[in-house]
1. Hey, what did the chain get for relative contact order, percent, Cα under 8 Å, at least 6 apart?
2. Please state, as a whole number in µm²/s, the translational diffusion coefficient that the Stokes-Einstein equation yields for the range 296-338 at 10 °C and 1.306 mPa s, with Rh defined as the Kirkwood radius across alpha carbon pairs.
3. Taking the Cα centre as origin and putting +1 on Lys and Arg beta-carbons and -1 on Asp and Glu beta-carbons, what dipole magnitude results for the chain, to the nearest 20 debye?
4. Quick one: net charge around Leu370, please, counting Lys, Arg +1 and Asp, Glu -1 for every other residue with C-beta under 14 Å from its C-beta.
5. When the Kirkwood radius is taken over all Cα pairs of the chain, what Stokes-Einstein diffusion coefficient follows at 4 °C and 1.567 mPa s, in µm²/s?
6. Residue-wise, which Karplus ³J(HN,Hα) couplings in Hz belong to the range 84-99, taking 6.51 cos²θ - 1.76 cosθ + 1.60, θ = phi - 60°, and x for glycine or proline?
7. Normalized C-alpha radius of gyration of the range 394-442, against 2.2 N^0.38 Å?
8. Heavy atoms of the protein only, probe of 1.4 Å, neighbouring chains included. What is the accessible area of Thr193 in Å², nearest 10?
Amino acid sequence: MSDERRRNQILGLLFAGVLMAALDIAIVGPALPAIQRVFGVDERALSWVFSIYVLGNLVGTPTIAALSDRFGRRALYVVSLSGFALGSLLVAIAPSFPMLLLGRLVQGVSAGGVIPVASAVIGDTFPPERRGSALGLIGAVFGIAFLIGPVIGGLLLLIGWQWLFLINLPLAAVLIIFSLRLLPGRTRQSAATFDLAGLIVLGLMLTGLAYGLTELDPARLSSGSLPLPAIGALIVAFALAPIFIAIEQRAGEPILQPDIFRSRQIWITAVLAIGAGIAESAVVFVPALLTAAYGVSSSTASFMLLPVVLAMAVGSPVSGRLLDRFGSRIVVSIGVVLSGIGMLILSTWPTSLVAFYLAAVVSGLGLAILLGAALRYILLNEVSTNERAAAQGLLTVTMGSGQLLGAVLVGVLAATGGGAVAGYALAFFVIGIVMLLLTPFALALKSRSAERATAMAHAH
């Protein structure tokens with residue numbers, strides 16, 4: 001089999017794996033009313049169906065990424081797919097709501113290994129001049145998932161909400177078979193002890209961060225009431241940060257390599273990833289603005305997001321090709337500016353349908369760049385082979401933190417602005433300004449020639 005054909009088969013396998021994980025996020029929404037009826041929980045408890053998945057993703061991503069750098073991509077990709085199938089089964093057969101949440105946690109932890117390992121495999125198997133295009137196709141998965149997810153979810157709901165999760169079992173089985181055949185199985189020999197202390201402290205730190213941000217009730221914050229458990233969890237998370245850094249500096253083979261943070265390029269990318277996460281979470285609140293501005297139903301408001309989804313599905317592979325041609329500095333700068341302008345258009349003319357669709361396309365293209373290939377492309381070029389998955393894990397953690405922070409930010413600003421149209425317009429205005437303020441960071445990235453030189457140095 002030629003190298004080119006094998007690379008294309010690997011890309012197809014990774015595409016399918018990421019699509020499965022992304023679809024699970026996109027199709028779970030239609031199942032929520034049925035889950036609420038079956039288990040008799042309120043809206044606050046129901047939100048944990050999403051939140052605990054994010055928590056698992058935050059904890060699982062750096063862990064599985066680091067293990068794949070140590071034990072090989074194939075083994076950890078198969079473990080991730082197997083865990084995702086197990087979590088799906090637990091959700092489908094759950095006799096109680098806590099058991100369902102446990103299944104979602106297992107799903108989230110396992111999904112945390114799919115995307116960073118897939119990105120690292122691309123770095124291992126594709127030459128530097130082809131990585132942007134390959135990552136662009138992987139990034140397009142999310143647009144496709146949110147395009148077809150509601151349709152698939154609606155069809156599966158006709159035979160029972162459990163099938164939204166049971167469908168993952170045969171899909172995972174097929175992907176595991178092909179993973180064992182196609183993915184590189186190289187295991188790097190290491191005499192260093194696995195960084196168990198770092199893993200435990202990182203898990204506690206991210207759990208405190210995720211719980212604290214999720215439980216920060218915007219309504220209570222805007223009224224001056226302090227949710228003490230959430231604030232306590234955030235204090236614990238920040239207090240553990242210096243302890244984690246100290247452990248990593250002493251570890252023989254740390255979960256997050258301290259050497260990674262010596263690169264200014266990676267620090268800049270981490271900041272941009274937080275901003276991208278904030279912008280992504282803001283899009284989740286757009287249907288609330290649409291229902292307030294136009295009086296449409298929730299389902300109609302979700303359908304009105306189609307231009308955003310289409311822009312992301314088209315923009316992600318296109319931006320991948322642009323990365324290979326022009327480098328990350330130009331492409332990321334365009335993504336940041338488009339995201340900011342789109343949010344500002346939406347906030348300035350919140351009741352204009354023409355302005356909304358213009359904002360949807362502009363912000364969708366910007367998010368396609370930031371959430372698709374660009375930031376992952378930077379990290380693949382910037383680190384050595386044995387740090388690729390860990391670097392991708394770092395990106396997922398920073399972007400996930402931005403998503404949680406963005407949800408709280410939108411909620412607080414919307415409540416502060418009086419709710420309804422005016423409140424959400426204020427929230428989108430502030431986030432638009434935040435995105436534009438990230439432009440100097442994007443312009444501070446390496447030039448294309450410097451970036452290519454770094455990639456070639458790490459390729460040898």
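1. Normalised by residue count, the contact order of the chain is 22 percent.
2. Stokes-Einstein gives a translational diffusion coefficient of 133 µm²/s.
3. Numbers: 26 positive and 19 negative charges, 186 e Å.
For the chain, the charge dipole is close to 900 debye.
4. On the way: positive: Arg329, Arg376; negative: Glu280.
Around Leu370, the charge tally is +1.
5. The calculation lands on 58 µm²/s.
6. In residue order, the calculated couplings are 5, 5, 4, x, 4, 5, 4, 5, 5, 9, 4, x, 8, 5, x, 5 Hz.
7. Taking N as the residue count of the range 394-442, the ratio is 1.28.
8. Roll a 1.4 Å probe over it and Thr193 shows about 110 Å².
The values are calculated or read from the model by the stated rules, or taken from the named source; none is laboratory data. Worth saying up front: this structure is predicted, and the values here are computed from it rather than measured. Every residue, glycine as well, gets a Cβ built from its backbone with ideal geometry; the counts of neighbours run over all protein chains shown. Side chains included, ligands, DNA and RNA excluded: accessible areas come from the protein's heavy atoms. Shrake-Rupley method; radii C 1.70, N 1.55, O 1.52, S 1.80 Å.
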